[in-house]
Structure formats: structure tokens, C-alpha cells
Amino acid sequence: MHEFTPEVEALAQEVLEYSLMRLKTDPPLDGPKTPEELFELAGNTITPAGLGGHDAFALFKDVLALACISTDHPRYLAFIPSAPSEYANLFDLVVGASALYGGSWLEGAGAVFAENQALRWISDLAGLPQSAGGVFVQGGTNGNLSALVAARYHARKKYPEVTRWVVAASAEAHSSIASAAAIMDIELLLIEAGADEALHGEMSASAIDAYHASHPGHRIFAIVATAGTTNLGIIDHLDEIGAIAKARDIWFHVDGAYGLAALCAPSVRPLFNGIELADSLIVDPHKWLFAPFDACALIYRNPELAKAAHTQKASYLDTLEDENEWNPSDYAIHLTRRARGLPFWFSLAAHGTNEYSAAMEETLAVAKKTAEIIRTHPHLTLLRDPKLSVVAFTRNGWTMADYTRWSDQLLADQIGFVTPSSHHGQPILRFAIVNPWTKIEDIQAILATL
Ligand SMILES: *Cc1c(COP(=O)(O)O)cnc(C)c1O
């Protein structure tokens, strides 16, 4: 198994050929099958004698891969798609072949150095101090949880008398915030958004003060603002929330898993004013920063606070504790980690940041054009002007059943992948446009079926 035999060499050719073909040519959308259908096609793949490399790979190419939707397809507009650059994908092959350990400086100094420069780019775009830093974690869910755990750890030291911890967020906040609250066994205070559906400073301040007044012993230790909600791309008023949080000694966390990618787009950068006040932030390069799964950049204003909360201590780890070395494991809930920020770093280093801004502006322009087309479409109603690249709308007269039927058919016909969502209890459709390869013609092809 660990010898590079001629058989391995032959498989290597096949694997590289397939990988290059997958990168070069438009992949079909494909789609899921039932477990029964897959068993029918694949059978039991784990056997004492093994299938052999060639046959196992053929099974993947001919059966399994076809039962996975290509998330980088230009007409995959559901949820938040992925749109890794060619360079990022290629470099993921290198990372996969290199047995890099990304948890400690001792073992992965070169990788950690590069990842940290990529994090620095984001941190600088946000206007955080030079002392800011963090780590690439698996996803936004882990990023949000790790940030909130660090925030509470810090608050516990400062406010030992507190009996119940509380995190505040808007009702539009991502589901991972409620999940983090459940895991941490803390309360979640949902604050009402304004008429623009964004969280405001004043409304947040009164909700927080009223909560504290009526809940002695409880303390709101963190407020989460969302910089680009998943459903509609709404950006909370970061400057206002940052200010009211600071005045109350509350940790200001910004969940920008999707939206903060647009920090590098000059046309929308002002929407994020106030981000420089964040105590922590996240953004997923696997969403709108053209990196493959899975990578979330988690950045702290003061990484020392996170390190105190997250460093694992054990005799077999003592040798890693050098004050001057940056160990990515110390900044989130994890120990062993893949150097998952490297594909993003490589693409960013190779292309330069200007190309990132340009690609980002391209997706924003397609989103704007899409909104214009929908606004004048006879059967469609635009929900709101897109601030970022999520365009939400309704089809006049349709129920959820109609949307679901349409969505299923769209995928069955291999035209596109768009799933219904809802807003204030009403079914809606949304296009999440993060792929520079998504052209207005792709949008038109989908709209033609409505
Ligand atoms: C996607 C998303 C998350 C969760 O990120 P994962 O990488 O899927 O775990 C959190 N917050 C927002 C706003 C998101 O869009």
C-alpha cells in the first residue's frame, strides 16, 4: 500500500487525467440518487480482497461522481455555491499530496506562514490592527462557535458573578449561531431588525439594556452582526452595532461567512464600514473567495484572548509551547488540521489581489443585471434591491408546492440548480451568484422557465 509501484504509477496517470479533465471542461450538473439506486449501481465496495485502484476509480468516475451536484456549475445558484479558481483547485492537489500538518509552527512553519499572509489580506481589508490574527477552520459554523467560545472565556474572567450567559443576534442570523448557543448551553437573545431588515445600533442597545434590566445575573457577552445574510444578503449596521457593543463591554463578532468576501470589491466596500470595530470576524473563502471546500477564515482583533480559551494542554504537546511561534491549533476548536488555507493562499499569491477585486465586481454586476431583468419580468416580483450578490424574488401566484415542482424539474432537465427558500413565511426563490463563470445568459436560461 505504501510503495510506488508501476500499478500506482498507472493510476496516478488516470487520476491526474481525470482531475485535469474535470478542471478544463464544463462539468454536468448531475444530481442525487437514492441509496437503493446507488447500491444497485455500485454494490458493496468494501471487500476483503479490494477492487483494485483502476476499478475503484472507475466506480467513482462512472457512478459516484455523477450522483454529486457540481457546486461550481455556473447555473448552480442554490444555497451558496462554490467557485474555486483553477489555481486554487490545482494547488489543492498539491496540498493533498504533501502530508502537510497545519496545526503547529514546528511542523508546518512554511504553510502557516503562507496561510497567515492570506489572513492578513482579509484582516487589512477589514481595517483590523496589525496584531490581529487567526486561523482557517473547517467552516463558518466552527468559526462562529470558536469565536463565541473565546468571547465567553474572556467574559467569564471579567464577570465571575454572572449566572447565565447570553449571545445577541438578529432573527436573520445564520442557523449556526443558534447551534453555537445550544452547544455552549447559553441563551440566545434575538433582536428585531429595522424596516430595512438589518440590525440597528439603537434598537440593539435598547433590547440589550431591557434584557439586562429584567434578567439579573444574566449577561450578554457577545453580539453577532451578520455581514451579508445567507438568505437575502442583508448587512447589519456594523458601525452602529460596534459602537453600542463597545460602550457595554460586549464582544462584537461579525459573521461574514458569505458577504465579507466583498470587502475586496470597491463598489460595495462602504457597506461594511464599522467592520474595523470587530473583536472577531469570519469569512468563508469556500463561498465567494474562489477557494475549494473547506475553508473559513476566523480572525480575532486580539488573538491572545482566543489562545487562552482554545490552547489544548497536555504533556505530549508541551514541546509546541513556544511563546513566539504561531500555532494555528490554538485559535479554534480543533487540534490536528489540514493546511486548508493554502489553496486560497496560492491562488491569491499567484493572481494578485486586483484580480480578486475584478472577479468580485463581475459577480456583483451580474447580480445587479439579474435584478433589473426580474424587475421588469411579467411574472416575477423582485423582493429587494440586492446589496450584494443574492437576488431574491417571487413568482406571482405560486405556492411552495409550485416552487418545489419547478426546482425539481429544473435539475431533472439539467438546466440549473435553484432551490426555494422562504421569507417571513412566504416562499421565495433566490439566486446566489458567487461564480464569475455565471453569465447573464445562464440567468436568462433559468428565468425562461419561469
Ligand atoms: C454559510 C454561512 C455560515 C456557515 O458556514 P459553513 O461554512 O457552512 O459552516 C454561517 N454564517 C453565514 C452568514 C453563512 O452564510
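The values are calculated or read from the model by the stated rules, or taken from the named source; none is laboratory data. If you're wondering where the values come from, they're calculated on a predicted model, not measured in any experiment. Don't worry about glycine lacking a Cβ; one is built from the backbone with ideal geometry, like all the others, and counts go over all protein chains shown. These area figures cover heavy atoms from the full protein model, side chains too; ligands, DNA and RNA do not enter into them. Shrake-Rupley method; radii C 1.70, N 1.55, O 1.52, S 1.80 Å.
Can you confirm whether region 115-134 contains a residue that is of a type in the set (D, E, K, R), more than 30 Å from S98 (Cβ to Cβ) and in contact (Cβ under 8 Å) with a residue 40 or more places away in the chain? So that I can check it myself, show each step before the final result.
Step one: filter region 115-134 for residues of a type in the set (D, E, K, R), giving 115, 120, 124.
After this cut, where a residue has to be more than 30 Å from S98 (Cβ to Cβ) as well, the list is none.
The answer is no; no qualifying residue exists.
For region 141-157, how many residues meet the condition of being closer than 14 Å to H334 by Cβ and either outside the structural domain of E187 (by TED's automatic domain parsing) or among the small types (G, A, S) (or both)? Qualifying residue count for the region: 4. For region 138-158, the criterion of being in contact with a Ser or Thr (Cβ under 8 Å, 6 or more places away or on another chain), within 16 Å of the ligand (Cβ to nearest atom) and among the β-branched types (V, I, T) is satisfied by at least one residue. Total residues in region 272-315 satisfying the condition of being out of contact with any Phe, Trp or Tyr (no Cβ under 8 Å at 6 or more places or on another chain) and surrounded by fewer than 20 Cβ atoms within 10 Å (Cβ to Cβ): the figure is 11. Starting from region 254-267, take each residue that is within 21 Å of V137 (Cβ to Cβ) and list its partners that are of a type in the set (D, E, K, R) and at pLDDT 95 or above, counting only C-beta distances under 8 angstrom and pairs at least six apart or across chains. The qualifying pairs are A257/D284; A257/K287; Y258/D284; Y258/K287; A261/D284; A261/K287; A262/R269; L263/R269.
Table: residues versus (1) part of a loop (DSSP other than H, G, I, E, B); (2) surrounded by fewer than 18 Cβ atoms within 10 Å (Cβ to Cβ).
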position: R337; (1), (2): yes, no
position: S347; (1), (2): no, no
position: Y356; (1), (2): no, no
position: A367; (1), (2): no, no
position: T370; (1), (2): no, no
position: V391; (1), (2): no, no
position: G397; (1), (2): yes, yes
position: T404; (1), (2): no, yes
position: S407; (1), (2): no, yes
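Only residues that are within 14 Å of the chain's Cα centre (by Cα) and within 20 Å of L145 (Cβ to Cβ) were counted in region 266-323, giving 14. Within region 316-335, the set of residues being open to solvent by less than 40 Å² (accessible area, probe 1.4 Å) and either in a helix (DSSP H, G or I) or among the aromatic types (F, W, Y) (or both) comprises L317, L320, P328, S329, D330, Y331. So for region 184-202 (the condition being free of Cβ contacts under 8 Å to residues at least 40 places away in the same chain, among the small types (G, A, S), in a helix (DSSP H, G or I) and open to solvent by 10 Å² or more (accessible area, probe 1.4 Å)), does at least one residue qualify? No, the conditions are met nowhere in region 184-202.
Of all the numbered requirements in (1) part of a loop (DSSP other than H, G, I, E, B); (2) touching a helix residue (DSSP H, G or I) at 6+ places or on another chain (Cβ under 8 Å); (3) closer than 26 Å to H286 by Cα, I223 misses one, and that requirement is (1).
So which residues in region 213-231 are of a type in the set (A, V, I, L, M, F, W, C) and more than 11 Å from the ligand (Cβ to nearest atom)? First the steps, then the outcome.
Step one: filter region 213-231 for residues of a type in the set (A, V, I, L, M, F, W, C), giving 213, 220-225, 227.
Those that are of a type in the set (A, V, I, L, M, F, W, C) and more than 11 Å from the ligand (Cβ to nearest atom): A213, I220, F221, A222, I223.
Please work out which residue is farthest from S407 (Cα to Cα), limiting yourself to region 25-44 and to residues that are in a loop (DSSP other than H, G, I, E, B) and open to solvent by less than 50 Å² (accessible area, probe 1.4 Å). Steps first, answer last, please.
So in region 25-44, the residues in a loop (DSSP other than H, G, I, E, B) come out as 25-34, 43-44.
Now narrow it down to the ones that are open to solvent by less than 50 Å² (accessible area, probe 1.4 Å): 27, 29-31, 43.
Values: P27: 20, L29: 13, D30: 14, G31: 12, G43: 30 Å.
My answer is G43.
Say whether the condition of being assigned to a strand (DSSP E or B) and more than 14 Å from the ligand (Cβ to nearest atom) is met by at least one residue in region 168-181.
There is at least one residue in region 168-181 that is assigned to a strand (DSSP E or B) and more than 14 Å from the ligand (Cβ to nearest atom).
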